Amino acid sequence: MKVGKMTIKTPADAIHALEKLEQFVAVILFNIILFSLFWQAVSRKIGSPSAWTDETSRLLFVWMGVLGCHLAQRENIHVRIDAILLSLPKKVQLIIEAFINVIMIGLLSMIFYYTFSIVERKSYTPLVTLGIGESWLYGAMFLWTALTIIEMVAQLVNIVRHGEVIRAWVVEDSKNDFYDIKEDE
């Protein structure tokens, strides 16, 4: 299957395409938020404040937060205290990580399910200046839970197949690429 310039042959290709799409959407959202806040400041300065800028930036900030949460899950960099976990044998660490992922998949599935009723109720409450329902604000939960569940299943598969939990930030630090530090100094 061909998507844009990318050819998708394997699940890894599909995940890579999803990551590229997420990056593209995040850049677009960030630029729209930046423009919206800039326009809000300019319009206030000239004495004719724009009402839509505040709600637009709030709505898009929530959607950007969803992409950020998914990115943190993908790279496994959520804030957590794992000093005790890291002191255990590797197999026990993997079992605990897998158990946590299964529990989180269950909880996220419940959130996904109950989000339907929230979005349905909020569709009748408008965002005043934009003229759309608040369901667009709460609808971000669908995307967040779906992306995070997919990522946690992928991490479970990685634990089972490869016997490891990837922590991207540790790899970057150990290579010294991220900080561009020379060993001699």
Out of all the residues in the range 63-86, is one or more aromatic (Phe, Trp, Tyr), at pLDDT 85 or above and touching a Ser or Thr at 6+ places or on another chain (Cβ under 9 Å)? no
Selection from the range 46-86 of residues more than 22 Å from the chain's Cα centre (by Cα) and of a type in the set (Val, Ile, Thr) yields Ile46, Thr53, Ile84
Yes or no: Ser43 among the polar types (S, T, N, Q) and exposed (fewer than 14 other Cβ atoms within 10 Å of the Cβ)? no
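Can Leu34 be described as part of a helix (DSSP H, G or I) and out of contact with any helix residue (DSSP H, G or I) (no Cβ under 7 Å at 6 or more places or on another chain)?
Considered against the rule, which asks whether it is part of a helix (DSSP H, G or I) and out of contact with any helix residue (DSSP H, G or I) (no Cβ under 7 Å at 6 or more places or on another chain), Leu34 comes out as yes.
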Mind telling me which of the residues Leu71, Leu59, Leu85 ends up being under 25 Å from Leu147 (Cβ atoms), aliphatic (A, V, I, L, M) and buried (at least 17 other Cβ atoms within 10 Å of the Cβ)? Leu59
Could you list, ordered by first residue, the pairs with Cβ atoms under 6 Å in which the first is in the range 26-44 and closer than 24 Å to His70 by Cα and the second is surrounded by 14 or more Cβ atoms within 10 Å (Cβ to Cβ) and β-branched (Val, Ile, Thr), at least 6 apart or interchain? none
Take the conditions modelled with pLDDT of 85 or more, within 30 Å of Trp52 (Cα to Cα) and in a helix (DSSP H, G or I) and apply them to Glu151. Does it pass? no
Considering only residues that are in contact (Cβ under 8 Å) with a residue 12 or more places away in the chain, loosely packed, with under 15 Cβ neighbours inside 10 Å, of a type in the set (Ser, Thr, Tyr) and in a helix (DSSP H, G or I), which ones fall in the range 98-140? Ser109
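Kindly establish whether Ile95 is modelled with pLDDT of 85 or more, surrounded by 15 or more Cβ atoms within 10 Å (Cβ to Cβ) and either out of contact with any Pro (no Cβ under 9 Å at 6 or more places or on another chain) or in a helix (DSSP H, G or I) (or both).
Numbers: modelled with pLDDT of 85 or more: yes; surrounded by 15 or more Cβ atoms within 10 Å (Cβ to Cβ): no; either out of contact with any Pro (no Cβ under 9 Å at 6 or more places or on another chain) or in a helix (DSSP H, G or I) (or both): yes.
When the stated conditions are applied, Ile95 does not pass them.
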Name, by its number, the condition in (1) without any contact (Cβ under 8 Å) to a residue 60 or more places away in the chain; (2) in a helix (DSSP H, G or I); (3) over 24 Å from Ile150 (Cα atoms) that does not hold for Asp54. (1)
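Can you pull out the residues in the range 66-92 that are among the basic types (Lys, Arg) and either part of a helix (DSSP H, G or I) or in contact (Cβ under 8 Å) with a residue 24 or more places away in the chain (or both)?
Residues of the range 66-92 among the basic types (Lys, Arg): 74, 80, 90-91.
Once the filter is applied, which keeps residues that are among the basic types (Lys, Arg) and either part of a helix (DSSP H, G or I) or in contact (Cβ under 8 Å) with a residue 24 or more places away in the chain (or both), the range 66-92 yields Arg74, Lys90, Lys91.
The values are calculated or read from the model by the stated rules, or taken from the named source; none is laboratory data. Note that the structure is a prediction, hence the values are computed from the model and not measured. Backbone-built Cβ (ideal geometry, glycine too); neighbour counts: all protein chains shown.
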